[in-house]
Amino acid sequence: MKDFELSHDVRVLEGDEITQAEAVFRTSMIGLPPEAEPTPEERAAGHEPGRALGVHDAGDLVGTAESYGSWLVVPGGKRVPHAAVTHVGVLPTHTRRGIVTALMRRQFEDIAARGEIVASLRASEAVIYERFGYGVASECATYDVDRRRAVLRDSVPAGSPVRLADPRRPWKQFESVYEPAAWTGAIGRYEPWWRTRERWAAADTSPQYAAVTADGDGYALYKPGDPGNWFSGDNRTIVVTDFVAHTAAAYVGLVRHLVTLDFTDTIRFLARPVDDPLPTLFTDRRAVRKTSVRDETWLRLVDVSAALAARRYASGPVVVVEVKDEFLPSNNGRYRIGGRPHEVARPDSSRPDLTIGAAALASVYLGGTRWAALAQAGQVTEHRAGAVASADQLFSTAAAPFAGTGF
């Protein structure tokens, strides 16, 4: 077989090509579980027109990438235009030939043209995306609560009362609750995201439950982990697949509901902030175990200047940061940060205090990674003594960033 040379002509996919793109993605991932074939209407509802891209070889689709228009909450509470990148895949017969690189270049061009200043994704492999300027900006954790030991403290308030809702349809009830999301790292759950989850829920024949607070400030979706052995197993586990709480009362009310469910031994919260206050609610902190921590948001600053100007900074000394972005060279330059909480300027000749690459800058942007940690790893160069500490002070946040949304 002769060496294959691609023209890397990336174009927007339409019509039946969307179905082909889904097949390419699933083939590239190898281990994705099967799912019911969607109707044409359901498939259309699961995609945003004009945002699926593909590369062809001799007329056959061999690589694809997709994105959705969204928003991202940055430190200070502002929502910035954001692209949710997903369905990146290349057939195993065509890997390591520059297809992903071509797709990323075209995708960034499209994202920038739409005015979306940041992009994020969930990485199937951790070594792929850093070279394109993506960095790990948030992590999430799984918590297991031993219901037999989980005695709430007397000081914990009652919280909001909850009601049970139909977790299958309609999902508009959950959309309206989620919409005010304002924590750092939250993303807008775009229309196709909701329609796809609604379709998955409707097709799932296993037991599913939903608890919604009476005031509409939160909800929890949950289901048994092993319904086939529910009454014969020795550890009946409830899996919380989505937990949204905008107020302390909603948070406590939902937790109280979950940990007082009869016939359960373990309550598993699949994706929560790494600094979630859950253990503090119980007389025995060891009733809660953080069983895993994993990378969540892989962030890309598509427009570094606009992104840096959009977030708030803590008070601290001014630092001049030199950014080196090999993949999007328009971002290269020096940025003056600090002085006043919102002040970001792009000087032409100021001497840099720090030098950082695009992926590392994305990692510190939401406050989830410390500049000092990256400096220790050689990803930040300090030109002025104390500049790393000043940058950590400026970029610090009160809570760890967290998205809580997979895509």
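The values are calculated or read from the model by the stated rules, or taken from the named source; none is laboratory data. None of these values were measured; they are calculated from a predicted model. Counting neighbours? That spans all protein chains shown, and the Cβs are built from the backbone with ideal geometry, glycine included. What goes into the accessible areas is simple: the full protein's heavy atoms, side chains included, and nothing from ligands, DNA or RNA. Shrake-Rupley method; radii C 1.70, N 1.55, O 1.52, S 1.80 Å.
Within the range 96-118, track down each residue that is touching a residue at least 12 places away in the same chain (Cβ under 8 Å) and not hydrophobic (A, V, I, L, M, F, W, C). Please lay out each step first, then the result.
Step one: list which residues in the range 96-118 are touching a residue at least 12 places away in the same chain (Cβ under 8 Å), which gives 97-108, 110-112, 114-118.
Matches in the range 96-118: ARG97, GLY98, THR101, ARG105, ARG106, GLN107, ASP110, ARG114, GLY115, GLU116.
Out of the range 1-30, which residues are modelled with pLDDT of 90 or more and loosely packed, with under 10 Cβ neighbours inside 10 Å? If the condition is that a residue be modelled with pLDDT of 90 or more and loosely packed, with under 10 Cβ neighbours inside 10 Å, then GLY15, ASP16, ILE30 are the ones that fit. Within the range 210-224, the set of residues being within 24 Å of the chain's Cα centre (by Cα) and surrounded by fewer than 17 Cβ atoms within 10 Å (Cβ to Cβ) comprises GLY216 only.
Can you name every residue in the range 97-123 that is part of a loop (DSSP other than H, G, I, E, B), of a type outside the set (A, V, I, L, M, F, W, C) and closer than 28 Å to ARG311 by Cβ? ARG114, GLY115, GLU116, ARG122, listed by residue number.
Selection of the range 169-189 for residues being over 25 Å from ALA399 (Cα atoms) and surrounded by 14 or more Cβ atoms within 10 Å (Cβ to Cβ) yields TRP171, GLN173.
Got at least one residue in the range 151-167 being acidic (Asp, Glu), in a strand (DSSP E or B) and open to solvent by 50 Å² or more (accessible area, probe 1.4 Å)? No. Only a single item in (1) aromatic (Phe, Trp, Tyr); (2) within 22 Å of LEU258 (Cβ to Cβ); (3) modelled with pLDDT of 95 or more; (4) outside any strand (DSSP E or B) is not met by TYR219, and it is number (4).
To keep it simple, each residue is scored yes or no on (1) open to solvent by 10 Å² or more (accessible area, probe 1.4 Å); (2) within 25 Å of PHE108 (Cα to Cα); (3) hydrophobic (A, V, I, L, M, F, W, C); (4) touching a strand residue (DSSP E or B) at 6+ places or on another chain (Cβ under 9 Å).
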site	(1), (2), (3), (4)
VAL304	no, yes, yes, yes
SER315	yes, no, no, no
LEU354	no, no, yes, yes
LEU366	no, yes, yes, yes
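The residue pairs whose first member lies in the range 324-340 and is hydrophobic (A, V, I, L, M, F, W, C), whose second member is in a strand (DSSP E or B), and whose beta carbons are closer than 7 Å, counting only pairs six or more residues apart or on different chains, are ILE337/VAL319; ILE337/VAL321; ILE337/VAL344.
Being of a type in the set (Ser, Thr, Tyr) and touching a residue at least 60 places away in the same chain (Cβ under 8 Å) is true for just one of TYR251, TYR222. Which residue is that? Can you show your working first?
Numbers: TYR222 fails: touching a residue at least 60 places away in the same chain (Cβ under 8 Å).
Within the list TYR251, TYR222, the selection yields TYR251.
Would you check if VAL319 is modelled with pLDDT of 95 or more, of a type in the set (A, V, I, L, M) and open to solvent by less than 90 Å² (accessible area, probe 1.4 Å)? Yes, satisfied. Restricting attention to the range 74-84 and to residues that are surrounded by fewer than 23 Cβ atoms within 10 Å (Cβ to Cβ) and touching a strand residue (DSSP E or B) at 6+ places or on another chain (Cβ under 6 Å), the residue that is nearest to LEU299 (Cα to Cα) turns out to be VAL80. Any residue at all in the range 129-136 that's closer than 30 Å to GLY89 by Cα, of a type in the set (Asp, Glu), open to solvent by 30 Å² or more (accessible area, probe 1.4 Å) and in a helix (DSSP H, G or I)? Yes - at least one qualifying residue is present in the range 129-136.
Among the candidates PRO49, PRO33, PRO38, PRO92, the residue that is over 24 Å from TRP183 (Cβ atoms), in contact with a helix residue (DSSP H, G or I) (Cβ under 8 Å, 6 or more places away or on another chain) and open to solvent by 60 Å² or more (accessible area, probe 1.4 Å) is uniquely PRO92.
Could you check how many residues of the range 238-275 are assigned to a strand (DSSP E or B), over 23 Å from TRP171 (Cα atoms) and open to solvent by 10 Å² or more (accessible area, probe 1.4 Å)? Quick ask: steps written out before the conclusion?
Keep residues of the range 238-275 that are assigned to a strand (DSSP E or B), which gives 238-245, 266-272.
Within this subset, residues satisfying the condition of being over 23 Å from TRP171 (Cα atoms) are 266-267.
Now narrow it down to the ones that are open to solvent by 10 Å² or more (accessible area, probe 1.4 Å): 266.
Number satisfying all stated conditions: 1.
Please work out if HIS87 is in contact (Cβ under 8 Å) with a residue 40 or more places away in the chain, assigned to a strand (DSSP E or B) and open to solvent by 40 Å² or more (accessible area, probe 1.4 Å).
Taking the combined requirement at face value, the residue satisfies it.
Within the range 190-209, restricting attention to residues that are more than 21 Å from ARG272 (Cβ to Cβ) and among the polar types (S, T, N, Q), the residue that is surrounded by the fewest Cβ atoms within 10 Å (Cβ to Cβ) is THR205. Here THR291 passes the criteria (1) over 14 Å from VAL364 (Cα atoms); (2) open to solvent by 60 Å² or more (accessible area, probe 1.4 Å); (3) out of contact with any strand residue (DSSP E or B) (no Cβ under 8 Å at 6 or more places or on another chain); (4) not aliphatic (A, V, I, L, M) except the one numbered (3). Within the range 126-155, residues that are more than 23 Å from PRO329 (Cβ to Cβ) and without any contact (Cβ under 8 Å) to a residue 12 or more places away in the chain have Cβ atoms under 9 Å from residues that are open to solvent by 10 Å² or more (accessible area, probe 1.4 Å) and not charged (D, E, K, R) in these pairs: ASP154/THR283, counting only partners at least 6 apart in sequence or on another chain. Against the test of being of a type in the set (S, T, N, Q), closer than 24 Å to PRO34 by Cα and not in a loop (DSSP other than H, G, I, E, B), the options THR196, THR291, THR280, THR205 yield a single qualifying residue, THR196.
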